Amino acid sequence: PEEKELHERVRLYLNICQRQAAPRVAAPQTIDERLYAATLAINGGQYDQAIGHLRLVRDEDPDNDHALYMLAVAHAQRNEPAEAVAHLERAIALNPENRALARTDPDLEPLRGDEAFRAALEAPPSPPRPSLKRPLKTRSAR
């Protein structure tokens, strides 16, 4: 009986030592650290964690198109098309290059059948081209 108790204490002590020796991961503090942490979370399928990091970025920098695009990806993966499309539309408005990226991004595959998603990927109408004609100058009669 004493030997069993000793083994249990040794095992408990070793667990405590291993826990203390393990490197501690500091919480991300900067926008770049949060974006990186969100990327790792998305790649690991931890979408709730990714959304948490990305919301902090969005709160600090509402015009960060990268964070908004990643929010669209995370919500798409969670099968939340309305939220995903809303974030994607904002990301495209801030940076039109996101439209081309979204067209081929496999992470947005769950949205392909969504009408609002397809509408967001449509190219916007071209702005009217400025007229190249110069106004005619009239000569005054002297």
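The values are calculated or read from the model by the stated rules, or taken from the named source; none is laboratory data. All of these numbers come straight from a predicted model, not from anything done at the bench. As a convention, Cβ positions derive from the backbone with ideal geometry for all residues, glycine included, and neighbour counts pool all protein chains shown.
Key figures
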| read-out | value |
| --- | --- |
| Single condition Ala22 does not satisfy, out of (1) of a type in the set (Gly, Ala, Ser); (2) at pLDDT 90 or above; (3) surrounded by fewer than 13 Cβ atoms within 10 Å (Cβ to Cβ) | (2) |
| Residue, surrounded by the most Cβ atoms within 10 Å (Cβ to Cβ), within the range 25-38, restricted to residues that are modelled with pLDDT of 85 or more and hydrophobic (A, V, I, L, M, F, W, C) | Ala38 |
| Hey, Ala27 part of a helix (DSSP H, G or I) and either without any contact (Cβ under 8 Å) to a residue 12 or more places away in the chain or in contact with a Leu (Cβ under 9 Å, 6 or more places away or on another chain) (or both) or not | no |
| Flag if Ala93 is modelled with pLDDT of 95 or more, of a type in the set (A, V, I, L, M, F, W, C), within 12 Å of the chain's Cα centre (by Cα) and within 30 Å of Pro124 (Cα to Cα) | no |
| Qualifying positions in the range 98-122 - of a type in the set (Asp, Glu), over 15 Å from Gln77 (Cα atoms) and either assigned to a helix (DSSP H, G or I) or in contact with an Asp or Glu (Cβ under 7 Å, 6 or more places away or on another chain) (or both) | Glu115 |
| Total residues in the range 60-101, condition among the polar types (S, T, N, Q) and closer than 19 Å to Ala41 by Cα | 3 |
| Residue list for the range 66-96, restricted to those being of a type in the set (D, E, K, R), farther than 23 Å from Glu33 by Cα and assigned to a helix (DSSP H, G or I) | Glu83, Glu89 |
| Which listed residue, of Ala116, Ala102, Ala93, is surrounded by 20 or more Cβ atoms within 10 Å (Cβ to Cβ) and not β-branched (Val, Ile, Thr) | Ala102 |
